[in-house]
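First comes the structure, then the notes that go with it.
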2 protein chains.
Amino acid sequence: MANKLNLDKLDYQIIHEMMENAETSYADLGKKLFVSGGTIHVRIKKLQEMGVVKGSRLNVDLKMLGYDVIAFIGIYLEKSSLYDNVARELAKIPEIVRMNYTTGNYSILAEIICKDINHLRNVLHDQLQKIKGIERTETFISLDESLNRNVQVSANGEN
Amino acid sequence: MANKLNLDKLDYQIIHEMMENAETSYADLGKKLFVSGGTIHVRIKKLQEMGVVKGSRLNVDLKMLGYDVIAFIGIYLEKSSLYDNVARELAKIPEIVRMNYTTGNYSILAEIICKDINHLRNVLHDQLQKIKGIERTETFISLDESLNRNVQVSANGEN
DNA sequence: ATTGAAAGAGTCTCAGT
DNA sequence: ACTGAGACTCTTTCAAT
């Protein structure tokens, strides 16, 4: 996509600051970036209207909530034309949080978050295996998530 | 982890509501869940103090910002004992946003977000290849991200 | 486009239940 | 533990620059 949004350095700085911590007040962020709170407000509103900023998500400790298992599932399809259909069925499973149609080994690389290994096994066996069009799957269970962050948008826009 | 946090149904409901959209006001959320805004406030504060709620992140359209390429990298290590060291080096690359130590084929499954294919190639060639301990890598480029959401925390707590 | 101030809305605290 | 009201802070608007 052509990056012709005409964002300036301030826009990038705001995005950069709020991507990891969306709680900072406009006044404080303004102080940090040497503009008024009103300006921050105008910019964020502009970014929302443009669709660059789509909202914000609560960041929770899933382990504390009892979700102990993150796993990745490489999915082989019988025919790649079945992708849309399989994707639609996968999306119905609430434990599946992410799906990418990829080059390479697998047709689909999905991510799933479960309470425990039993829960994972149940979803794989009772739901995933029943979807038509999936040839086979490979599951990678995460033993340690050592990094999970947002991409660091560089604060040096073109303007 | 033993899920002995003594969260009740209301706590789970609040988490559930705010995980996809952290913008709802306490007053509105209270109306929806049939309690006062003050109660929502007390609960969220409690959840923050417990460490269940860790903050919130701005949700941006990376494609609009010129980040067109999401890829996953399966990494084979020469020896699994090199994990800590490799993980530390990988974390220094800002384009790497996620890293999991996994069972199965690869030792590490990483995610990388780049502006374009050239950018990806440069990071793989100039930075990843130079890390000691990596035997080889397999790259899966995402052609389509059909799903990216938070896990739906079930709002039926134990209490 | 940015500012600063005023109006409006939301958060936070607390006494009462 | 929840409520409602008051104090406070933040967002939002707007006239002036």
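Any read-out appearing in this document is the output of simple, stated calculations on the displayed coordinates, not a laboratory observation. What you see is a predicted model, and the numbers here were worked out from it, not measured in a lab. Neighbour counts run over all protein chains shown; Cβ positions are idealised from the backbone, glycine included.
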Going through region B:56-81 in order, the residues found to be in a strand (DSSP E or B) and either small (Gly, Ala, Ser) or under 20 Å from the mean Cα position of the chain (by Cα) (or both) are B:SER56, B:ARG57, B:LEU58, B:ASN59, B:VAL60, B:VAL69, B:ILE70, B:ALA71, B:PHE72, B:ILE73, B:GLY74, B:ILE75
Could you please give the count of residues in region A:24-38 that are among the hydroxyl-bearing types (Ser, Thr, Tyr) and out of contact with any Gly (no Cβ under 9 Å at 6 or more places or on another chain)?
-> 1
Might you let me know whether region A:120-141 holds any residue that is β-branched (Val, Ile, Thr) and exposed (fewer than 15 other Cβ atoms within 10 Å of the Cβ)?
-> no
State yes or no: is A:ASP68 more than 10 Å from DNA strand D (Cβ to nearest atom), free of Cβ contacts under 8 Å to residues at least 40 places away in the same chain, within 30 Å of A:THR139 (Cα to Cα) and within 10 Å of another protein chain (Cβ to nearest Cβ)?
-> no
Candidate set from region B:27-55 (those that are within 12 Å of chain A (Cβ to nearest Cβ) and not in a helix (DSSP H, G or I)); member that is farthest from DNA strand D (Cβ to nearest atom) | B:LYS54
Filter region B:11-56 down to the residues that are touching a residue at least 12 places away in the same chain (Cβ under 8 Å) and among the acidic types (Asp, Glu), then identify the one that is surrounded by the most Cβ atoms within 10 Å (Cβ to Cβ).
-> B:ASP11
Verdict on A:THR102 being touching a residue at least 60 places away in the same chain (Cβ under 8 Å), surrounded by 15 or more Cβ atoms within 10 Å (Cβ to Cβ) and either under 19 Å from B:SER146 (Cα atoms) or away from chain B (no Cβ under 12 Å) (or both) = no
For region A:119-139, indicate whether the set of residues that are within 10 Å of chain B (Cβ to nearest Cβ) and in contact with a helix residue (DSSP H, G or I) (Cβ under 8 Å, 6 or more places away or on another chain) is non-empty.
-> yes
Residue check for A:ARG88: on the phi < 0 side of the Ramachandran plot, surrounded by fewer than 15 Cβ atoms within 10 Å (Cβ to Cβ) and in contact (Cβ under 8 Å) with a residue 60 or more places away in the chain = no
Test for B:LEU7: is it at the interface with chain A (Cβ under 10 Å from one of its Cβ atoms), hydrophobic (A, V, I, L, M, F, W, C) and assigned to a loop (DSSP other than H, G, I, E, B) = yes
Facing chain B (nearest Cβ under 7 Å), more than 19 Å from B:SER154 (Cβ to Cβ), of a type in the set (D, E, K, R) and more than 16 Å from the chain's Cα centre (by Cα), is that true of A:ASP84?
-> no
Note: among B:ASN59, B:ASN148, just one is exposed (fewer than 13 other Cβ atoms within 10 Å of the Cβ) and at the interface with chain A (Cβ under 7 Å from one of its Cβ atoms), namely B:ASN148
All but one of (1) within 21 Å of the chain's Cα centre (by Cα); (2) within 20 Å of A:LEU65 (Cβ to Cβ) hold for B:LYS9, so report the exception by its number.
-> (1)
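Listed here are the residues, each with its yes/no results for (1) within 22 Å of the chain's Cα centre (by Cα); (2) part of a loop (DSSP other than H, G, I, E, B); (3) over 15 Å from A:THR102 (Cβ atoms).
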position	(1), (2), (3)
B:GLU89	yes, no, yes
B:ILE93	yes, yes, yes
B:GLU111	yes, no, no
B:ASN122	no, no, yes
On the given criteria, is B:TYR101 part of a strand (DSSP E or B) and aromatic (Phe, Trp, Tyr)?
-> yes
